[in-house]
Amino acid sequence: MSFFKKLKESISSKTESVTKQFREGLEKTRKGFVEKVTDLMVRRKKIDEELYEELEEILIGADVGVNTVMDLIEDLRAEVKKQRIEDASELQPILSQKLMELLRGDDDNAIRMNPDGITVILFVGVNGVGKTTTIGKMAHRFKQEGKKVLLAAGDTFRAGAIEQLEVWGQRAGVEVIKQHAGSDPAAVMFDAVQAAKQRQADVLICDTAGRLQNKSNLMEELNKIFRVIQREIPGAPHEVLMVLDATTGQNALNQAKLFGEKSGVTGLVLTKLDGTAKGGIVVAIRQELNLPVKFVGLGEKMEDLQPFDSQQFVHALFAGLIQEEEQGNENEESNESDL
């Protein structure tokens, strides 16, 4: 059975609406990346040095990351030799299979829930990456699952951050625990934990500052928040999710490296994937950071925050090729039956 056929079958058991969200959310990447690869295979026909060089450029252009691209090209060369492939078009299923392997990793990317009480999820990341929006969408998601959710407005330094979180709280129908702008974020967290206990909440989602206006160090501020939460709920926070803006490409990767090393990040959320042709950044991040991508933002709607799924991701990218292969097989079968 071909790789594309296997991939289609593995997707068939998943919700059609989610498959559609991945397909629509990755349309720009599909056009900017897969269509270029397809065009290359059609133009070149033959597998030679020039084909590998052009493929390298396309992959780097899609922000897959230089180191990852070099490894990927080496893998393809080895596979071509091993399978004695001569026709360039036969490279596409092999490339998509390799990309899926790179994305998959060994991690379980489900959110770690606290089996004995309140699950605390801390969100970190620089300003402007869509952190508050992501928190609102995640609150909605948990509420749909029947969980009681509370939000903590811990970004007390950015003008309008508390109000923005309140708007999302109203949309999702969840309460926001806050203090006035400029107050101590650790004090907000203390209040939020107490409120979560009193109201018997299942999930407490905490916003934090992306940068500070004053001279104090952001990491020190985060450590203080950690200490307050851990003192009140041992083992918390259960997740520290860093939000990255996919449209910033390699810059997002650099942010994750800087932030992730110091702030105990356990997973990543990649927003605005629908707004970029450089969705290959997911592959680069997955390879260069030993962190799972837990969620991806595929659009503006509440439902467009989806758990990351490597099969859905690759299927969405190569959907056109999968369709072509199916049509080709159907034509062959009808030709055979005509005979």
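The values are calculated or read from the model by the stated rules, or taken from the named source; none is laboratory data. Just so you know, these numbers come straight off a predicted model, no measurement behind them. With ideal geometry, Cβ positions are generated from the backbone for all residues, glycine too; neighbour counts draw on all protein chains shown. In case anyone asks, the SASA skips ligands and DNA or RNA and just uses the protein heavy atoms, side chains included. Shrake-Rupley method; radii C 1.70, N 1.55, O 1.52, S 1.80 Å.
Numbers at a glance
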item: Condition check for GLY328: modelled with pLDDT of 85 or more and of a type in the set (Gly, Ala, Ser); result: no
item: Residue within the range 102-111 that is farther than 30 Å from LYS197 by Cα, open to solvent by 30 Å² or more (accessible area, probe 1.4 Å) and in a strand (DSSP E or B) present; result: no
item: So PHE22, is it open to solvent by less than 90 Å² (accessible area, probe 1.4 Å) and touching a Phe, Trp or Tyr at 6+ places or on another chain (Cβ under 9 Å); result: yes
item: GLU53 more than 28 Å from LEU253 (Cβ to Cβ), surrounded by fewer than 19 Cβ atoms within 10 Å (Cβ to Cβ) and under 29 Å from the mean Cα position of the chain (by Cα); result: no
item: The one condition in (1) part of a helix (DSSP H, G or I); (2) free of Cβ contacts under 8 Å to residues at least 60 places away in the same chain; (3) open to solvent by 20 Å² or more (accessible area, probe 1.4 Å) that LYS197 fails to fulfil; result: (2)
item: Close pairs from the range 308-319: first surrounded by fewer than 24 Cβ atoms within 10 Å (Cβ to Cβ), partner among the basic types (Lys, Arg), Cβ under 7 Å, at least 6 apart; result: PHE308/LYS294; SER310/ARG104; ALA319/ARG23
item: One residue from LYS28, LYS8, LYS36 being assigned to a helix (DSSP H, G or I), more than 26 Å from THR247 (Cβ to Cβ) and either charged (D, E, K, R) or modelled with pLDDT of 90 or more (or both); result: LYS8
item: Only one of LYS36, LYS28, LYS5, LYS45 that is open to solvent by 40 Å² or more (accessible area, probe 1.4 Å) and under 19 Å from the mean Cα position of the chain (by Cα); result: LYS28
item: Residue check, THR119 under 21 Å from PHE259 (Cα atoms), of a type outside the set (A, V, I, L, M, F, W, C) and at pLDDT 95 or above; result: no
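Per-residue answers, yes or no, for (1) acidic (Asp, Glu); (2) in contact with a strand residue (DSSP E or B) (Cβ under 8 Å, 6 or more places away or on another chain); (3) not in a helix (DSSP H, G or I):
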position	(1), (2), (3)
GLU221	yes, no, no
LEU241	no, yes, yes
LEU258	no, no, no
GLY279	no, no, yes
VAL283	no, no, no
ARG286	no, yes, no
LEU291	no, yes, yes
PHE295	no, yes, yes
